Amino acid sequence: MSHDPTVNAGDIARLAGVGRAAVSNWRRRHDDFPHPIGGTANQPLFSLRQVESWLRRYGKSYQVSLGDRVWQRLKAAGDLRLGELVAQAGILLTHLAETRGTEPVTGEAASDGRPGGRSPVPGANPAAGDDLPGVAGTPAANAAHPDGTGDARGAGVRHTAGSDPRATVDDPHAAGDDPRTAGDDPRTSGDDPRTSRDDSRTTADGPRMTGDVTRTGGGDPRTAGGDAGGPEVRSAAGDDSRAAGGGPRVGGPRVGGAAGVGVAGAAALDPELAALVIELAEQHDPLTAYEFLCERYLEAHSRQLSVTRDDVAELMVRLVSAGGATVLDPACGVGTLLLAPAGPATRTGPQTGAQPPAHAGAQPARQAARMLGQDLSETSAAITASRLRLRGLTAEVVAGDSMRNDGFPGEKADAVVCDPPFNERAWGYEELTGDPRWEYGLPPRGEPELAWVQHCLTHVKPRGLVAILMPPAAASRKAGRRIRANLLRAGALRAVVALPGSDLWLLRRPSPGERPPSDVLIIDATADLPSVEPAWQAYLEDRSDQTVRIIDLLADEVDMTPARHQRRDDVGRAFAEARDRFLAAAAVPPDLKVLEQPLDQPATTLGDLIKEGLVATSQAPPKMAADAGDVPVLTSDDVLNGTPPSGFTTVQQGLVAIRPGDVVASYSSVRVMADGGAVLGPHLTLYRVDARRLDPDFLAGFLRAAGGRVTTGSSRFDVRRTRLPRLSLKEQKSYGEAFRQLAVLEDAIRETSTLGQALIRLGLDGLADGHLHPQS
């Protein structure tokens with residue numbers, strides 16, 4: 001990257017804390033305002049450095065955070081290279097953690113004999129780019145191990161170029177055992193013109209690198225690369241004899257180098273950007289720095305990258321994995337499922353100096369014996385390897401197509417978790433027709449998810465568990481009926497759980513001679529995710545009442561859609577309860593006298609009442625959050641629906657405690673509070689009245705009436721101009737009681753509407769299922 005990071009007018013406004021109109025005025029009024037260096041006439045781009053300098057010169061300085069500065073530099077390379085550079089930053093930070101004495105894998109020496117934490121080059125200065133992998137022009141980027149291998153500690157992403165039959169996993173040089181791999185061979189400097197540094201295309205057959213490294217033994221001295229401790233890449237792409245039904249697996253050396261340590265074809269970080277990344281790591285720690293970059297990367301590519309929800313990922317791992325187990329994810333993406341056992345960004349290795357916590361409430365990592373992962377994208381695989389290694393987890397990640405080129409043939413894990421790509425028709429149906437993985441039947445061309453199910457079962461030990469996300473249609477599609485039936489007969493499929501947007505299938509590999517179960521757990525947890533673990537535990541202990549008999553499923557269409565199998569035994573009781581609540585919710589409107597002519601009464605305004613001291617107003621602190629903490633918060637939705645406080649916040653200055661009798665108003669509703677014990681939430685205004693002279697229900701009623709008169713398109717409503725009649729306290733209370741009855745009626749109508757919908761649904765289901773019968 002040779003050009004500076006750029007910002008548009010909106011970015012400048014955000015950095016300076018002003019509106020876009022102010023930025024336009026600066027451009028017109030100040031001749032020395034930075035000129036555009038790119039973009040278009042309507043969307044000009046400016047140099048971030050020049051803009052910062054100008055802001056400081058005019059006393060409008062806004063220091064861009066170091067994290068934002070690093071991200072802007074990465075993003076300046078363009079979307080096509082962004083993922084590669086994020087992966088390179090992970091390799092750099094992993095190496096930095098080790099050479100600075102923050103080795104994630106505690107107590108483990110380097111594979112070349114160095115103790116963990118010692119710099120590989122005496123006197124090396126990582127901040128200057130000395131001996132750093134993936135940094136252009138540094139010793140680590142310009143000197144490779146003779147065989148092209150890297151250090152295999154911690155999380156490794158392997159590359160095996162399967163085009164050369166000489167390159168096998170049995171070759172000691174390809175395995176990294178050649179004593180010449182110490183990296184001091186003078187022949188290892190330079191670039192191989194046959195090796196493309198810019199092409200890392202991913203095809204349907206897996207990652208394909210132009211200029212594959214096929215030399216084994218001593219390696220090609222012209223191959224630029226070397227791994228100075230960062231994650232190396234192994235690719236499962238290439239000739240795969242297993243896909244044809246057997247035969248030896250073809251492999252090759254790992255590939256690294258200045259063209260991309262860890263990601264084939266990726267460009268190395270330039271020294272200036274590398275220094276910024278290192279500075280960010282020193283400001284916090286390598287793991288926190290990298291997680292920040294990964295979060296930004298996922299946000300920038302949210303449409304291209306499918307990431308499993310954190311709560312679903314944690315649930316999947318808890319259901320199938322125990323501490324100390326070997327866990328495999330054959331479609332790992334950026335590592336969400338493999339990271340779930342470790343929790344948030346936690347560190348297990350020693351840290352230098354005081355470091356800020358990576359995330360609030362971070363829990364200690366629950367170490368697994370091994371983490372195995374594979375993904376079609378080399379960039380995603382490299383990012384996963386760095387994220388795992390920075391957490392001190394022992395892991396191996398493979399870049400390649402799991403269906404066509406299994407990166408772990410013969411491997412049996414204790415548990416498998418998987419969120420595979422849905423509806424991928426080009427999954428290899430023609431090539432894999434005779435694959436031995438299809439124990440339960442050849443997956444139809446249009447059922448790739450059933451291929452993933454059987455792939456996962458192949459890689460789990462007997463009695464081992466599999467958690468895999470599936471499209472809801474996979475539970476009922478006619479094409480997959482035979483495989484679903486075989487999974488049920490064998491006792492492999494144990495549970496189908498409906499989640500928001502997908503289904504979760506829980507499977508268990510049967511052990512030889514084991515008697516299959518007679519039922520399967522089928523539940524709908526779309527609105528109650530925490531209910532899944534208790535239901536699964538009850539099923540394992542043979543005390544669940546949410547099961548369906550397998551024989552009933554086999555006699556039908558083998559339709560395991562959770563919505564179809566919800567229990568209906570309590571429909572009658574639920575209908576009776578809903579009917580009683582519906583009848584009890586009815587409210588009586590106030591008995592109001594109709595006047596022929598409106599009363600002409602002296603009036604005042606809310607603003608005057610505030611000036612006279614009859615009303616005091618309060619609002620919540622600016623930028624107050626109501627989604628975490630121990631202090632209950634009344635939210636706008638609570639005011640609208642008349643529900644108890646549902647938000648929570650932390651103790652901080654400026655919190656407004658609510659008392660009984662306070663009037664709380666939002667943009668759409670007003671309510672008199674009957675209870676205290678909570679604090680005022682965002683976007684709410686509290687009116688505290690002098691109860692000796694002003695009735696709160698009286699005030700609330702007129703505020704509600706004034707807000708209801710504001711029509712669409714009118715000017716902004718000024719609540720202080722709300723008019724109220726000047727009445728004695730006794731007359732105010734009469735008005736207040738009528739307003740209160742109307743508020744009760746409004747709540748009752750809202751409740752009866754909800755109950756009515758439930759009552760109709762239960763009535764329809766009960767009559768159709770035979771649990772209800774018309775009165776004779």
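The values are calculated or read from the model by the stated rules, or taken from the named source; none is laboratory data. Not measured: the values here are computed from a predicted model. Cβ coordinates were reconstructed from backbone atoms using ideal geometry, including for glycine residues, and neighbour counts include every protein chain displayed. Just the protein is used for accessible areas: all its heavy atoms, side chains included, with ligands, DNA and RNA removed. Shrake-Rupley method; radii C 1.70, N 1.55, O 1.52, S 1.80 Å.
A few notes on this one:
- When the P(r) is computed for segment 417-526, the part past 18 Å accounts for 46% of the Cα-Cα pairs.
- Anchor LYS730: lysines whose Cα lies under 26 Å away (excluding residues fewer than 8 positions away in-chain): LYS593, LYS611
- Per residue, segment 364-417 exposes an accessible area of 22 Å² to a 1.4 Å probe, with every protein chain left in place.
- Positive dipole terminus of segment 517-568, leading residue within LEU553, VAL520, GLN566 (C-beta point charges): GLN566
- Accessible surface of segment 571-713, 1.4 Å probe: 53 percent of it comes from carbon and sulfur atoms.
- Length-normalised contact order for segment 426-532 - Cα pairs under 8 Å, 6+ apart - percent: 25
- Probe 1.4 Å, protein heavy atoms only - accessible area per residue of segment 476-579 in square angstrom: 51
- A 1.4 Å probe, protein heavy atoms only, puts the accessible area of PHE422 near 70 Å².
- Mean separation of Cα pairs under 8 Å and 6 or more residues apart, divided by the residue count, gives segment 369-410 a relative contact order of 47 percent.
- Element breakdown for segment 469-523 at a 1.4 angstrom probe: carbon and sulfur atoms account for 50% of the accessible area.
- Contour minus Cα-Cα distance for GLN619 and GLN601 (0.36 nm per residue): 3.3 nm
- Projecting the Cα atoms of GLN775, SER668, VAL651 onto the dipole axis of segment 616-775, where Lys and Arg carry +1 and Asp and Glu carry -1 at the beta carbon, places SER668 farthest toward the positive end.
- Local charge for GLY613 was computed over the other residues whose Cβ lies under 10 Å away, with Lys and Arg +1 and Asp and Glu -1, and equals 0.
- In the full protein context, segment 20-59 carries 66 Å² of accessible surface per residue, based on a 1.4 Å probe and ignoring ligands, DNA and RNA.
- Sequence-separation-based contact order of segment 531-653, relative, with Cα cut under 8 Å and 6+ spacing, percent: 12
- The equivalent ellipsoid of segment 17-68 has semi-axes of 18, 15, 11 Å, largest first, where each one is the square root of 5 times an eigenvalue of the Cα gyration tensor.
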